[in-house]
Structure formats: structure tokens, C-alpha cells
Amino acid sequence: MKAFILAAGKGTRMRPLTKNTPKPLLPVAGKPILQHNIDMLEDLVDEVVVLTGWYAKKIKQELSSDKIDITYARQERLLGTADAISKARKHIHDDFLCMNGDIIIQKSTLDDFYEYFKNSEGSVMGMVEVDDPKSYGVIEKDGEQVLNIIEKPSDPPTNLINAGIYGFTTDIFDAIDKTEKSSRGEFEITDSMKFLMDKKRLNGFTLEKDSWMELSRPWDLLSVNERLLGRPEQEEKRSGEIQEGVHLEGWVSIEEGAVVKKGSYIVGPVFIGKDSDIGPNCFIRPHTHIGENCKVGNAVEVKNCIIMDGSKVPHHSYVGDSVIGRNCNFGSGTKVANLRLDGKNISVIHRGEKIDTGRRKLGVIMGDNVKTGINSMINTGTIIGSDALIGPGAIADGEIGEGSRIK
């Protein structure tokens, strides 16, 4: 059996993190989102076909597997999920697994879904219950049989949604051929599946809520990183140099070429990427992912963060509950606030829309190549676009556009 993964989109809801990086390559728990799925599929399928579009070359350069073949299809124009899945036709000629590239499913649940599909007659849709289903395809069912799929209803009849994982027979391609554009101007796979339901029974497999992780907005990276980092199945490496006087507690993985200098105090789970420079005398707290060629320097405290490749927090700074893009640089004394004084959930202004993140703690979402001056301050829930400059002593707050200068 083969698997088909949809990874062609532009990931606009993940901006500013996706300005220079395709969403499937954003890092979480030590590797790109898409690599997690490929690794979990290795003992289930013979080949993974990845549908690319936006930054296709980068995706091809980053993904790898020692156990199965990875091949690529391409979607030139983003015309919806049915159009995307139709691109599998040239590569797949039998039953296949299909999944969105922005979800991660717990390995044991993925295995159970695979077994259920193998033993089913016809196609299968993955389903999961969520608290607010209004922005999803909502499912009505009778037992295991799917009766109806309603796309983004204003008054959802259930809290059961399309989880973005499917087991398809090749009948799906004939159904896609009959599918017309929706009111959104796209070819929707849920419309195609209704054609399947007219001919054959469509079964639904209900995933445990805690086993399904969706990465839709930038702060979702933190939630998934918290859940995945340091899992029992995740290998802990100590390949880098660890100097005398370093304290390591719990799961701390240190990749080749990284140096952890004396006086560093690290409480896992923490991932430190290749060739990164850590310390001396820094404090790294749990659920922190530090990418390749990064710097966390003297008198710096980092807590529950994702710091991407090439970014540097050299000295006397605090960064908590934040996602830092690539090649950023923090001036000495930069402080990131991550908790409101009243302790309420943190709302952000993201692409002009005010959104409750559902998080009590959230610092900054920072795009690539951002620089902060000495003693600058960043308020809770601030989103900073790529190439922005935050001047010495300045206060950054709200949504700051690409290339902005804050004095």
C-alpha cells in the first residue's frame, strides 16, 4: 500500500512563519511536521507520495527515509482538496492512505486506522470530536456509517469532524471527476465523498481526541511540541560536546556538533540541534526545541519555545512560550512577556483578526530575520513579521508587519 500526503498549500494561516518556509517543514519536537508523519508511516506502507506546490524544492531537499521510497507529485494551482487528491492518480493504482500535511496522529492510532481500513470494504474517513466544529467539515453518522458531511455549518448538528485522514479505494478518482466547484470556488473532497456514499457504504473511524494534533495557527506549534517532545519512542542523543559543570535533567537530546558550555542548566524535555552553541550559564526549561546553528548565551533563560535554525539569543534575555523564526538575533536584555497580569487567555491580532489563542501563556510569534535592540521588550501575544527591527528600549505589541521599524 502507498500513502499520499497533501503538502502543496501556502500555509497562510501560519504567517509570518511560512513566508520563507513551507508549512510542512516547520519544526516541532526535533524535526519537520511532515517528517513526523513519514517516520510513522515507514512500517505501514511501501511508498509515500508527497503532493507539493509552494516551495516544492525545499520540501524535496528536507525529507528523507531509510526504509521507504519518497516520491513527489505537484499541484500547480490550489483548486481544493479534491483537485489535490486527483494528482495521486498517476502514482497510485490501488487502495491508499491519504492525509493532510498539517496534522500529526499518534502512532498507535495511525496503526489502528490502517488496520481498520485494510479490513473494510470501501473507503474510510477519519473522524474526531472537537469543542468548536464550525470551521470544519461536520459529520453525521449512524454507528460506523457516515451519512452526511456538512462543510463549515453555522449550526453544527454534531461535534464530530473530518480529521483529515482517509483510506481510499480507487473509486475516489471517479467521484472526483464528477465533483463540481463549491461556492468557495474549490473542488471539495467532501463533495466527492458524497458521490462515494451514493454508491457504497462509507465507514468512519473515530480517533481519540488526544491522539489527533492539528497545526493550523502559529501557536499550535507550541501545543504539539509540548505533546511530542521527549516521547518514549523518540531517541535521545548526546552526540555533541558537553563540558564539565553542565546540569542535564530529564530527556535532553543534543545533536552532533552542538556544544553545551559549563554552567548551563537544562531541564528536559529539550532538543538541541546540530552545531548550536549553548551557554555558558544559561537556563533552558522544559519543552524547548532549539534548531541547528543557534546560540543561547550567558544569563539567558528560555522556556517552552521553538527557536528555529540560525537564531541567536546571546546574553541577558528571557524568552518564554514563543516561536522564533530563522536567523533572528536578540539584543542584550531583550525580554519577552508571556503571561497577562490578570492571568486570562491571550488574544492576538493575526492577519488583522483578533483571535483567542486558548493559551494562558504565549510570548511572541516572530518571523525570520528579525532583530531586537538592547533592553527591548515584547508584550504577550505579539506577532512580528519577517525582517522587522525592534529598536533599543522599544516596546513591541500587537501585530507588527514585515520590514517594520519599531523605535
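The values are calculated or read from the model by the stated rules, or taken from the named source; none is laboratory data. Computed from a prediction, not measured in an experiment: that's the story for all the values here. When we count neighbours, we look across all protein chains shown, and the Cβ atoms used for this are built from the backbone with ideal geometry, even at glycine.
Data table
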| quantity | calculated |
| --- | --- |
| Flag if Tyr55 is hydroxyl-bearing (Ser, Thr, Tyr), touching a Ser or Thr at 6+ places or on another chain (Cβ under 9 Å) and under 30 Å from Gly398 (Cβ atoms) | yes |
| Verdict on Glu140 being in a strand (DSSP E or B) and among the charged types (D, E, K, R) | yes |
| Residues of region 37-52 satisfying the condition of being touching a strand residue (DSSP E or B) at 6+ places or on another chain (Cβ under 8 Å) and either surrounded by fewer than 21 Cβ atoms within 10 Å (Cβ to Cβ) or among the hydroxyl-bearing types (Ser, Thr, Tyr) (or both) | Asp39, Met40, Leu44, Val45, Asp46, Glu47, Thr52 |
| Residue match in region 50-57 (condition: under 27 Å from His350 (Cα atoms), part of a strand (DSSP E or B) and modelled with pLDDT of 95 or more) | no |
| Ala7 on the phi > 0 side of the Ramachandran plot, within 16 Å of the chain's Cα centre (by Cα) and in contact (Cβ under 8 Å) with a residue 12 or more places away in the chain | no |
| Region 117-146, residues that are buried (at least 16 other Cβ atoms within 10 Å of the Cβ) and more than 23 Å from the chain's Cα centre (by Cα) | Phe117, Ser120, Gly122, Ser123, Val124, Ile139, Lys141, Val146 |
| Some residue of region 371-391 being over 19 Å from Cys305 (Cβ atoms) and assigned to a strand (DSSP E or B) | yes |
| Matching residues in region 292-328 - criterion: being surrounded by fewer than 23 Cβ atoms within 10 Å (Cβ to Cβ), out of contact with any His (no Cβ under 6 Å at 6 or more places or on another chain) and either outside the structural domain of Val370 (by TED's automatic domain parsing) or small (Gly, Ala, Ser) (or both) | Gly310, Gly320 |
| Check on Gly333, outside any strand (DSSP E or B) and either at pLDDT below 95 or of a type in the set (Ser, Thr, Tyr) (or both) | no |
| Subset of region 171-194 (residues that are aromatic (Phe, Trp, Tyr) and assigned to a loop (DSSP other than H, G, I, E, B)) | Phe187 |
| Flag for Tyr114 being among the hydroxyl-bearing types (Ser, Thr, Tyr), outside the structural domain of Arg326 (by TED's automatic domain parsing) and within 30 Å of Ile324 (Cβ to Cβ) | no |
| Residues located in region 123-138, provided they are out of contact with any helix residue (DSSP H, G or I) (no Cβ under 7 Å at 6 or more places or on another chain) and modelled with pLDDT under 90 | Asp131, Asp132, Pro133, Lys134, Ser135, Tyr136 |
| Filter result for Glu233 (surrounded by fewer than 16 Cβ atoms within 10 Å (Cβ to Cβ), of a type outside the set (Gly, Ala, Ser) and in contact (Cβ under 8 Å) with a residue 60 or more places away in the chain) | yes |
| Flag for Glu226 being closer than 30 Å to Met14 by Cα and either touching a helix residue (DSSP H, G or I) at 6+ places or on another chain (Cβ under 8 Å) or in a loop (DSSP other than H, G, I, E, B) (or both) | no |
| Scope region 103-116; condition of a type outside the set (A, V, I, L, M, F, W, C) and either loosely packed, with under 13 Cβ neighbours inside 10 Å or farther than 17 Å from Lys2 by Cβ (or both); matching residues | Gln106, Lys107, Ser108, Thr109, Asp112, Glu115, Tyr116 |
| Tally of residues being at pLDDT below 95 and not in a helix (DSSP H, G or I) across region 19-28 | 4 |
| Condition met for Asp321 (charged (D, E, K, R) and closer than 23 Å to Glu226 by Cβ) | yes |
